[in-house]
Amino acid sequence: MKTIIEPFRIKSVEPIRMTTPGEREQILREAHFNLFLVKAEDVVIDLLTDSGTGAMSSEQWAGVMRGDESYAGARSFYRFEETLKRITGFEHILPTHQGRASERILFSLLGGEGRVVPNNAHFDTTRANIEHSGARAVNLPIPEASEPANRHPFKGNMDVGALKVLIDEVGRERIPCVMLTITNNSGGGQPVSLGNIRAVSEVCRANGLPFFLDACRFAENAWFIKQREDGQKDRPVAEIVREMFDLADGATISAKKDGIVNMGGVLLVRDPDLLRRAGELLILTEGYTTYGGLSGRDLEAMARGFEEVLREDYLRYRIRSTAYLGDRLLEAGIQIIEPPGGHAVYVDARAFCPHIPPEQFPGQSVVCGLYREGGIRSCEIGSVMFGGGSEAPPMELVRLAIPRRVYTQSHIDYVAEVFIALKEKAGALRGMRIVEQPPALRHFTAKFEEI
Ligand code: F0G
């Protein structure tokens with residue numbers, strides 16, 4: 001098989017500022033060992049997130065110029081609405097400024113004391129918005145999800161048996177909706193099978209529970225379904241996507257992922273009453289229903305981005321380039337969550353530095369080590385991100401998230417080389433302690449010191 005090349009040419013470039021190890025040491029200390037507090041200019045390769053960091057296409061930039069900035073009923077809104085209706089089959093499309101705005105609106109309406117919201121695995125902002133409303137966020141992943149070396153093809157699946165048990169235990173009247181995060185970000189960027197989406201949707205229907213998708217990475221999830229699930233390989237990705245949405249009563253989407261834009265979100269709701277109340281809240285806090293806190297140009301860019309993400313040559317390249325990094329790390333004996341995820345490679349920090357216990361944040365030590373070694377910015381997904389909440393995280397992970405259409409193969413080779421060099425020194429990595437932290441979402445602003 002021939003090399004799978006980037007299916008685009010580069011028209012505009014942005015220089016990377018190189019830093020020395022001495023500079024990085026000082027920068028790291030000034031940032032209190034929290035990479036969220038480091039200036040982006042001081043990063044060589046930025047794998048902090050795939051969210052809002054993608055490169056827009058020339059067609060998207062052309063759309064930016066065509067943006068209609070009218071307050072109500074802008075042409076750009078109708079363009080965006082038409083595209084999302086076609087892709088998702090939903091009748092009504094609410095734009096929001098990003099995923100968590102959709103979550104906040106949804107859980108202001110569905111959350112509250114005594115309620116319970118199950119998910120395969122809540123992302124941090126989803127969990128925080130649910131808990132902020134007074135409700136409880138429960139993760140129900142399949143057991144394979146917490147075994148890094150297990151190569152289950154759909155490790156993002158929800159444990160349907162556990163969902164039924166939960167419904168029996170807490171009672172359906174206390175569950176305002178069931179969610180599925182596709183792909184499962186906190187659990188390794190792992191896909192959910194169409195079979196699992198159907199099964200969860202059936203349990204919801206049987207119990208009269210609304211079923212919502214957290215569909216940030218819906219196209220990547222659909223590509224995995226096409227590649228891995230029996231009977232799916234000959235279907236167009238767009239058709240699989242449509243079936244996924246047809247099974248749901250609603251969805252929250254951060255367009256900063258598979259919308260390939262720098263800012264934007266979507267809220268989809270079928271129930272007319274809930275839709276009306278969501279629209280009212282949207283106007284109250286985001287903006288009128290035909291712009292939802294965005295500019296007309298953002299809506300144009302989203303409309304194109306959601307179309308471009310469904311091109312199969314793009315998805316083939318996208319998923320293959322993530323796997324390329326994962327495979328290189330595995331070959332070097334670095335345990336990742338196998339198989340590699342869609343938008344990111346997740347390294348098992350507990351295996352990388354077994355001498356650092358979870359309460360000393362091994363993931364954060366690796367994150368700092370990668371920055372020192374090569375100026376790479378990554379993200380801890382473990383006891384720093386989730387340890388302050390209501391459920392202890394099952395794994396200590398370091399996520400290398402790949403921005404869409406931004407880095408070339410040689411950038412990725414460099415990342416692998418830095419990681420392999422760090423492995424030689426892993427025994428010298430030191431645990432961390434938190435010296436300052438906010439009450440929620442502490443990973444963004446917490447300050448650390450080395451033990
Ligand atoms: N749901 C999932 C699964 C996400 O990954 C994110 C964001 C959100 C919701 C919230 O969307 O940022 O637009 O408000 N994830 C980013 C990340 C931040 O780095 O994984 P948002």
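Observations
- Phi-based couplings in Hz for the range 423-435 (Karplus 6.51, -1.76, 1.60; Gly and Pro marked x): 4, 4, 9, 4, x, 8, 5, 10, x, 10, 10, 8, 9
- Per-residue ³J(HN,Hα) for the range 158-173, Karplus 6.51 cos²θ - 1.76 cosθ + 1.60, θ = phi - 60°, Hz, x for Gly and Pro: 8, 7, 5, x, 5, 5, 4, 4, 4, 4, 5, 5, 8, x, 5, 5
- The amide H of residue 381, built 1.01 Å from its N in the peptide plane, has 397, 398, 399 as neighbours under 5 Å, considering only residues 5 or more places off or on other chains.
- Rounded Å value of the spacing that divides the Cα centres of the range 214-229 and the range 147-161: 15
- Dividing the Cα radius of gyration of the chain by its Kirkwood radius returns 0.95 for Rg/Rh.
- Per-residue extension of 0.36 nm, minus the Cα-Cα distance of residue 411 and residue 13, leaves a gain of 141.9 nm for this segment.
- Dividing the alpha-carbon radius of gyration of the range 58-308 by the rule-of-thumb value 2.2 N^0.38 Å gives 0.98.
- For residue 344, the amide hydrogen comes within under 5 Å of the amide hydrogens of 402, counting only partners 5 or more places away or on other chains and with H modelled in the peptide plane.
- Between the amide H of residue 159 and those of 142, distances stay under 5 Å, these residues lying 5 or more places away or on another chain, with hydrogens modeled in the peptide plane.
- Net lengthening on full extension, residue 433/residue 170 (0.36 nm per residue, minus Cα-Cα): 91.0 nm
- A simple rule links phi to the HN-Hα coupling: the Karplus curve 6.51 cos²θ - 1.76 cosθ + 1.60 with θ = phi - 60°, which for the range 4-9 gives 7, 8, 4, x, 7, 10 Hz, with x for Gly and Pro.
- A straight chain from residue 151 to residue 37 at 0.36 nm per residue would run longer than the Cα-Cα distance by 37.5 nm.
- Helical content alone sets the calculated 222 nm signal of the chain at -12500 deg cm²/dmol, taking -39,500 (n - 2.57) per DSSP H segment of four or more residues and averaging over every residue.
- Relative to the Cα centre, the charge distribution of the chain, modelled as +1 at Lys and Arg Cβ and -1 at Asp and Glu Cβ, gives a dipole magnitude of about 440 debye.
- Model label sites at residue 243 and residue 85, defined 7 Å from Cα along the beta-carbon direction, differ in position by 2.5 nm.
- Violating pairs (Cα-Cα greater than 28 angstrom) within the set 2/39; 155/425; 2/425; 2/256; 85/226: 2/39; 155/425; 2/425; 2/256
Read-outs throughout are calculated quantities, based only on the coordinates presented, and are distinct from any laboratory measurement. Model, not experiment: these values are computed from the prediction. For neighbour counting, all protein chains shown are included, and Cβ atoms are generated from backbone atoms with ideal geometry for every residue, glycine included.
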